[in-house]
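To keep things clear, I will list the structure first and then write my remarks on it.
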Amino acid sequence: MDDDTSAADVLHRIVQLIQEEDCPIQSLSLADSRLKSGTYILLNALGTNSSLTKIDISGNAMGDRGAKLLAKALQINNKLRSVIWDKNNTTAFGFLEIAHALARNYTLQEMPLPMSDISQAYRISPEKTEEAVQLIQQCLLRNNQTKYTLPVEITGLQEETSSILCQEMVNEMCLNIQERIESLSTYPEKEAEFDLAFAEEAVKDANFTISVLPVLYEAWHSPYKNSKLQHKLEGMADKISDACSQDIQAFSQLIMDAAENLCPKILQKNGVREKLVTSVSDVLLPQKNTELESSLDHAIKEILNKLK
């Protein structure tokens, strides 16, 4: 077994490990491993990975092809917080791919500038390299200034992007398998016939899956389901708001009663009672209208996001 085969086998095992639901690994470093195209095995699985928060793939010479795969992963992944990827022979084209991907990623917070690759890319294409670097820094700054909870519209965008990219990934894998099937079809040994038939069946299943994905996506985003659930949540929020208003009125009355017991003569003066009522209302009602309603709206969005 040659070194490339051994490295690929190890990478497949790593991918299998980090894709397990209870995987405890949060940080992974493959720095200076010189994996080249072998890095693609990990990058293909990175988009849907839910355990890793930090990854270091610097020093692997994965080129612009690797940058493109990393960009696809970043458009889907919302778990990663840190990515290190210098010394990968990335050109201005690769940096632009990453920059455009980060425009759709609201969760990555740390990506140290790959100065070695940037200096090389800048010599060949200074304007595009500078454009990409500025956009990357702007996106990271935005992510560090924004709370992790994503707006509903951004969550929907990531879901739609994930669906599209998953279809593209399956399509690409099908094409690769089909090419291998055609190259092996001339193989004389009968032992390969079963494997070829199995591969062809796998391609058919994958193509069928691609056709099913849009149908499932549309079913999940049906207006009936969303509007019905949101209507119930908003109805509950209105009941909570009404209950809070009743409590505030009762509390205001307690304040008035206490004031009358403590300072009966003062409250008998002309206009004093009305001023006190106005003062209490000016303090309590605005807080109820702003803070409570904001909290209830946030709670509804949180519930909808959690259900998704």
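Overview of results
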item: Unmet criterion (only one of (1) under 30 Å from GLU179 (Cα atoms); (2) modelled with pLDDT under 75) for GLU201; result: (2)
item: Selection within segment 70-107 - over 16 Å from the mean Cα position of the chain (by Cα), open to solvent by 10 Å² or more (accessible area, probe 1.4 Å) and within 20 Å of LEU28 (Cβ to Cβ); result: ILE84, ASP86, LYS87
item: Residue count for segment 16-32, restricted to those that are under 19 Å from the mean Cα position of the chain (by Cα) and in a helix (DSSP H, G or I); result: 1
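The values are calculated or read from the model by the stated rules, or taken from the named source; none is laboratory data. Given the structure is predicted, the values throughout are model-derived calculations rather than measurements. Positions of Cβ are backbone-derived with ideal geometry, glycine not excepted, and every protein chain shown enters the neighbour counts. Keep in mind that these areas ignore ligands, DNA and RNA; they rest on the heavy atoms of the full protein, side chains included. Shrake-Rupley method; radii C 1.70, N 1.55, O 1.52, S 1.80 Å.
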